[in-house]
Every structure is written in structure tokens, then in C-alpha cells.
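The values are calculated or read from the model by the stated rules, or taken from the named source; none is laboratory data. Since this is a predicted model, take the numbers as computed values, not measurements. Don't worry about glycine lacking a Cβ; one is built from the backbone with ideal geometry, like all the others, and counts go over all protein chains shown. Note: areas computed on protein heavy atoms with side chains; ligands, DNA, RNA excluded. Shrake-Rupley method; radii C 1.70, N 1.55, O 1.52, S 1.80 Å.
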Amino acid sequence: MQQKPNQLWRIFYFYGGFYLLLQVGYILFIHLMHSTYNVVSISFIMLPFIAFLLFQWSLWKKTEQNRRRKQKSTFAGIALIGSAPVLICMIMLGVNEGETHFTSEKWMQNDTGKRVYMVDDLLTDHKIDGKTKEEVVTLLGEPTVTEYFKNENNIVYHLGIERGLISIDSEWLVIDFDKEDKVKKYAVVTD
């Protein structure tokens, strides 16, 4: 009888170590990829945590009654340690969510660097199709002075270092205009 709880504890410690490594991996991924709240990110964070809590609960149920009272603080400490990475991940996702929300003020303040995270929100929620060049400049500020991707009928905005694990190039927003100075097409490109 004594062998079964000890074996369960060993398995729990193994899973606990794996769980903490997994959560550290999530923290690094969120930091590097600048992830935000979505169903996938929440699921990846919460499912291992729920399994961790269920494993701990089953271990609690298998522990003898008199040992439960002695180990109550141990179980509470383990649950607290297990919830810390989840809390860190959620805070990081929230911070990233705030940084990816486009406003003209934030765009113009962050000449480069943070624009790369706002550009998707800009292109999704603030449609620029059909806007005049003057409207685009009012929304985004003066374009970047550069020869990259520049021609007579476009404007270019430097966004920052490209997103991804290995960031070598820069990302740029290139907006092309037609003869009436209205947005014809736009694209995010790398150099």
C-alpha cells in the first residue's frame, strides 16, 4: 500500500518538472512571437495547468487521511507554484494585446520598433482602401524617408525589425496610390 502513493509522487514530480519547462517555453514563445489573447494561446496555457491541478487532486485523494493534514501546506504551495507561470503568461498576453492595438498617436510616437506589432490591427480594423494620400498621412503621419521600395506613386513606413524567431530584416508598409491619389494597394514587405 505504501508503494503506490510514493510512485504517484514520483510521477507527479516528473510531470511537475515537465509542466514548468513547458510554461517557461510558453513564456519565451509569447515574448519572441509577441502573441496576444486568442483561443489557441489560452488553450495552450490552460490545458497543461488543468492537467497539473487534476493530477495534484488525484494525488491528494490517494494520500492517507492523516497525511493529508500534515501535507496540506505542501499541496497549497505546489498549486501556488504551478499557477505562477500561468499568471505570468496571461499578463504577458495582456501587455502584448495593448501594444498591438493601433492608434494614430501610438503609431506616430513609435517611429519604429513597435509599429510592426500594430500594423495588423491597422490593416484589419482601420481600412485604408480608397483613402486619399492626405488621409493616410493624417492617420499615419509623415512617411519614412527611404529609398527602399520607393517609387513616385507610393509612400513607405518603416515598421521595425521583422517578426519571428530569427529577425534579420526589417518590415515595411508600402502603400501604392492610383492617379487620383487614392490607395490602390498596400503590403507589408521585408527588405
When every residue in the stretch 12-24 that is surrounded by 12 or more Cβ atoms within 10 Å (Cβ to Cβ) and without any contact (Cβ under 8 Å) to a residue 40 or more places away in the chain is compared, the one nearest to residue 64 (Cα to Cα) is 18
Exactly one of 13, 26 is modelled with pLDDT under 90, assigned to a helix (DSSP H, G or I), out of contact with any strand residue (DSSP E or B) (no Cβ under 9 Å at 6 or more places or on another chain) and aromatic (Phe, Trp, Tyr), and that residue is 13
How many residues of the stretch 86-111 are in a loop (DSSP other than H, G, I, E, B) and surrounded by 15 or more Cβ atoms within 10 Å (Cβ to Cβ)? The answer is 2
Within the stretch 137-149, residues being under 14 Å from residue 187 (Cβ atoms) and surrounded by 15 or more Cβ atoms within 10 Å (Cβ to Cβ) number 1
Within the stretch 112-135, restricting to residues that are in contact with a Phe, Trp or Tyr (Cβ under 7 Å, 6 or more places away or on another chain) and assigned to a loop (DSSP other than H, G, I, E, B), the one that is least open to solvent (accessible area, probe 1.4 Å) is 128
